[in-house]
1. Which residues' amide hydrogens lie under 5 Å from the amide hydrogen of Ala88, considering only partners 5 or more residues apart or on another chain, with H built in the peptide plane?
2. Which cross-chain or sequence-distant (5 or more) residues have an amide H under 5 Å from the amide H of Lys23, H modelled 1.01 Å from N in plane?
3. So how much slack lies between Ser96 and Glu58, counting 0.36 nm per residue of separation and subtracting their Cα-Cα distance, in nm?
4. Could you put Glu167, Glu45, Glu252, Glu309 in order of accessible surface area, largest first, with the 1.4 Å probe and the full protein assembly present?
5. Let me check the size of the chain from its C-alpha atoms; what are the radius of gyration and Dmax in Å?
6. Most mobile of Arg259, Arg129, Arg72 per a Gaussian network model of the chain (Cα springs, under 10 Å)?
7. Ignoring everything but the protein chains, give the 1.4 Å probe accessible area of Asp165 in square angstrom, nearest 10.
8. So what's the net charge close to Pro69: Lys and Arg +1, Asp and Glu -1, counting the other residues with Cβ under 14 Å from its Cβ?
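The values are calculated or read from the model by the stated rules, or taken from the named source; none is laboratory data. Bear in mind the structure is a predicted one, so any value in this text is a computation, not a measurement. Cβ placement follows ideal geometry from the backbone for every residue including glycine, while neighbour counts extend to all protein chains displayed. Only protein heavy atoms, including side chains, enter the accessible area calculation; ligands, DNA and RNA are left aside. Shrake-Rupley method; radii C 1.70, N 1.55, O 1.52, S 1.80 Å.
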Amino acid sequence: MVPPGYPGNPHPLLYNKRGDTMKHLLNITDLKKEEILYIIDKAIEIKNNPEKYAKSLEGKTLLMMFEKPSLRTRLSFETGMTQLGGHAIFYSFKDSPLGKKETISDTAKCASRFVDIVMIRAYKQSQIREFAENASVPVIDALSDMAHPCQIMADLQTMKEKGKDIEHMKLAYLGNGNNNVTFDLMRACAVLGSTCYVGCPADEEFNVPESVLDECSKYPGKIVVTHDAEEAARDADVIYTDTWVNYGIPVEELEERARKLKPYQVNQHIMSLAKPDAIFMNCLPAMRGYEQTADVIDGPQSVVFDEAENRLHAQKAIMLFLLGKL
Ligand code: CP
Ligand code: NVA
């Protein structure tokens, strides 16, 4: 399975250790359409044949740097590395001299001497980008202010497994449009050529920034931002929502944010406007009664736990791909 676009090359990509250009995964658009489709197919294959890959990263080490909390990302990366025969190091920003006694650039240069691949969860993607620019190993954005590409790869895998045509579907995202997961969902639909409606409030705090719309406009997919939740949901194949309080936002702001975002809550009425076989997704963590009602997230159209599980399989495929092993 060699993705198209690499004529004469037996490997999809050659990376720095073989003398070629290294690839990082910061936004989903760091992958070409063919690469996204290839990695998703591989993630499904790895899920079905985990033992075949049990030694593929033997002797390799993943560094996992966290500034924000996590359940799924930490567990799936660490478990994934173990299941591929490698090792993962958890490293909290709290324990590091980063930003106090040490620059990002020095951290990246030193870490690259020890480990083979790095994932970073930080508030500012600009920090992850600076790290990547100074690293000599692949770097993955594992959630920043601007992106969550591993989540979106797991989401696309889930959509495909649930029978959705990810190159032609209509995805409706409802809620906070000024949001990392939203941006990468939009970018993914743009790159794949599918349609993404974002239903969100018009005010700047929750609206999609122009810069993200500009990025998406370079790709063939259709991206529509609407402030009408029903328009967004109508005839959608996938209804997606995300938390109303991102990591780092004080919990005291929840009720005020909820007041503004309530018209974009995913409830049974919204689900009834989508296609009858539409699936409901949320990257989690989720708050019942806020971004979706309990009957939706715990109902028959919800695929949120398959979606969470696929973080493991998709990230195995991503790490293998970035390390030139697929
Ligand atoms: N969806 C996701 O990234 O979950 P965590 O914040 O628990 O890692
Ligand atoms: N948008 C959410 C995603 C959590 C995985 C956040 O930033 O907290």
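1. Distant-sequence amide H within range of Ala88: Leu62.
2. Asn16
3. 11.0 nm is the gain from fully extending Ser96 to Glu58.
4. Glu252, Glu309, Glu167, Glu45
5. According to the Cα coordinates of the chain, Rg and Dmax are 19.2, 57 Å.
6. The residue that fluctuates most here is Arg259.
7. Surface accessible to solvent at Asp165 totals approximately 80 Å².
8. Net of charged neighbours comes to +4.
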